[in-house]
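Participant: Quick one: this structure, given as structure tokens, is what I'll be asking you about.
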Amino acid sequence: MHPYYVQQVFNELRTQALKLQQLEKQLEELQKDVEILKNNKSAAIGPINYHFEQLKIEKLEGTLNIGITPNEGNNLDEAVVNGQTIGSQSQDAEKQALSEKISPPLAAYLQNEVPEQFVRRARERNANINPQYLQMVTQDLEQQMDGRIEEYLSQLPVAQEGRDNIEEVCASIVAQIKRDIDTAVQRHMELEDKRKAGLV
């Protein structure tokens, strides 16, 4: 072998030996740190006990969602079905006409039936219901109706949109949204019961 190559190999071995020594030092330092941390008991956290039954809720505010959360509804315009965005499908004149046929029966249901459901369920639980609270919940549901109608209309197959039985489609969507409302009212009342019992 040529002396030049021997010198290069020797230099490379020396460099590797120095790096190995540095790594061994770092390993020893890390092991010392780990031992210090193991022996240091002051960083330990004891058990944390939560006493939810001691919480007092003075005011309950928010939105009563039926079927879909607000954030999920915001992204519907970005979804693509059969090469078309859902947002462009929902602006169709035909869907607008369907929406106008669906809205009145739902508005009547919200104004007449939903308050009756709350009152009936409150009687079953021997509870009183605040008329202002009832009005707030009803208005909240009314604000969500256009989004719910649009959601159900966006789920209609393209072939179904042009069918002659528009009344049947409208009645079906109205029935589905009424079921959503009934479920939301029931869940809301159950949540209120749990809240009053201190379970939430």
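Bear in mind these aren't lab numbers, they're just calculated from the coordinates by the rules spelled out. Please read all numbers here as calculations on a predicted model, not as lab measurements. Counting neighbours? That spans all protein chains shown, and the Cβs are built from the backbone with ideal geometry, glycine included.
Participant: Quick one: if the Förster radius is 30 Å, what FRET efficiency do GLN117 and ASN49 give, using the C-beta to C-beta distance and rounding to 0.05?
Facilitator: FRET efficiency, GLN117 to ASN49: 0.20.
Participant: How many nm separate the modelled label positions at ARG195 and LYS25, each set 7 Å beyond the Cα in the direction of the Cβ?
Facilitator: Result: 6.4 nm between the two label points.
Participant: Tally Lys and Arg at +1 and Asp and Glu at -1 over the other residues with C-beta under 11 Å from the C-beta of GLU192: what net charge comes out?
Facilitator: Result for the local shell: +4.
Participant: Hey, another quick one. Excluding GLN31 itself, what net charge comes from residues whose Cβ is under 15 Å from its Cβ, given Lys and Arg +1 and Asp and Glu -1?
Facilitator: Local charge sum for GLN31: -2.
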